[in-house]
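Encoded as structure tokens, the structure appears first; notes follow it.
Derivation of every value follows stated rules applied to the coordinates shown; laboratory data play no part. All values reported here derive from a predicted model rather than from experimental measurement. Cβ: placed from backbone, ideal geometry, glycine included. Neighbour counts: every protein chain shown.
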Amino acid sequence: MTQELPPPGAVKPYPEPDAAAVRELLLDWCGAEPEDAEDAAAALAALDGPAREAADRLYQSIAADMGGRKWLPWPKPPGAFPLLGLYPLLAAVPDMLAFHEGRGVDEDLSRRVLADVGEKLRLNRRLHGRAGLDVANWFTGHVRGALYQLGRLQFCVEGPGPEPTVGVHIRGEGGPLTLDAVRDSVEWALEFFPTVFPERYAGPEDLVFTCESWLLDPQLRDWLPERSNIPGFGALFDLQGPGGPAGNRADLWRFVFARAEDAKVADLPEDNSLQRAVLAGIRAEVPWRNRLGRLNLARLGF
Ligand SMILES: CC(C)(COP(=O)(O)OP(=O)(O)OC[C@H]1O[C@@H](n2cnc3c(N)ncnc32)[C@H](O)[C@@H]1OP(=O)(O)O)[C@@H](O)C(=O)NCCC(=O)NCCS
């Protein structure tokens, strides 16, 4: 995989951030915790030559595809450097800001999209007990200008063709997934994408929203309490295909239980109704699946 990345310096010089810049970007732009910012600044000094070269190549892959779709298939970070992907992402923040400015996107939205970095650093600390960014490549969507946080939901330009579909993503932080919050976000997206990408979308009628998630599994309806927002969110989508037969353990462990994938079922927390419901299903051998769906705009009143 690393072989597929552009070589160091191939597109533009890698503006490797120094420790002060890492700290400042994480605290002021990404909403990170002080201990994550400190650990990331300290870990920068520990990178060896090959790791620095790898970070340069990751940065080149961003710089070569500004305005591209989805996120890039980066290799997993080496065990010794769990924050390796963070540095090229931070180095690309000025590229992202320039892209946003060129498209008329407010700085407020640039800040909002970066807040996801702080969240995922917090999640990594919960999962692994240390600073890390295990899905650093996810943020290549953010810094290349493909993904935006509009209210409660994230939207990412994803699909192929001249009018790419827009993927719907849901951060953990940001409050309950109420229908009102979803409606407000989708309304914003219907206006935002044709304005920011007029060459792709002539108007709201060109937008097709898709989502692939554990949240769309209709089996959840039978297990969650009536007050839960999740089945109502899932019911907004027309499902496509049966979902992968292998199930979605990795996602449930991460998003529902905030546990590393090797945690035993007996050790999963049962602190709230969602965790209790999903765990009851696991014990009853319910084949939980991620499902793919297309948002039915009429169900939101559009
Ligand atoms: C999607 C999400 C925001 C829905 O939250 P919500 O609207 O509060 O959901 P519900 O109405 O079903 O809440 C039911 C219960 O889940 C709990 N809950 C909410 N977010 C939770 C989370 N991240 N992890 C564990 N439990 C959570 C609530 O506290 C509530 O418990 P209670 O009834 O004991 O008070 C939430 O599940 C979440 O943050 N998930 C992580 C992000 C994610 O899964 N994204 C999709 C990736 S594909």
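Observations on the structure shown:
- Square roots of 5 times each gyration tensor eigenvalue, C-alpha, the range 2-145, largest first, Å: 21, 19, 13
- Dipole size of the range 231-297 about its Cα centre, with +1 on Lys/Arg Cβ and -1 on Asp/Glu Cβ: approximately 140 debye, rounded to the nearest 20.
- Within the chain, helices built from complete DSSP H runs that reach 20 Å or longer along their own axis (Cα positions) and carry a mean Kyte-Doolittle hydropathy of -0.5 or higher are 179-196.
- GNM remark for the chain: springs join alpha carbons under 10 Å apart, and the peak mean-square fluctuation among Pro194, Pro231, Pro78 falls on Pro78.
- Taking chymotrypsin sites (Phe, Trp or Tyr not before Pro) across the range 89-173, none is in a DSSP loop with at most 11 further Cβ atoms lying within 10 angstrom of its Cβ.
- Stretch in the chain that is longest and holds no GluC sites (Glu not before Pro) that DSSP places in a loop and that have at most 10 other beta carbons within 10 Å: 1-198
- Global geometry of the range 136-227, whether rounded, prolate or oblate, following the gyration tensor of its Cα atoms and the 1.5 cut on a/c: prolate
- Neighbour net charge for Gln219 - beta-carbon separation under 11 angstrom, K R +1, D E -1: +1
- Summed residue charge, Cβ within 14 Å of Gln149's Cβ, Lys/Arg positive, Asp/Glu negative: -2
- Contact order normalised by residue count of the range 97-168, Cα under 8 Å, 6+ apart, percent: 21 percent
- Within the shell of other residues whose beta carbon sits under 14 angstrom from the beta carbon of Gly301, the net charge comes to -1, with Lys and Arg scored +1 and Asp and Glu -1.
- Cα gyration tensor, the chain - rounded (a/c under 1.5), prolate or oblate: oblate
- Loop-located trypsin sites (Lys or Arg not before Pro) in the range 180-278 (DSSP state other than H, G, I, E, B) with a sparse environment of at most 14 neighbouring Cβ atoms within 10 Å: Arg227, Lys264.
- In this Cβ point-charge picture (+1 for Lys and Arg, -1 for Asp and Glu), the range 2-145 has a dipole of about 520 debye about its Cα centre.
- Unit charges on C-beta of K, R, D, E only; dipole of the range 51-133, Debye: 540 debye
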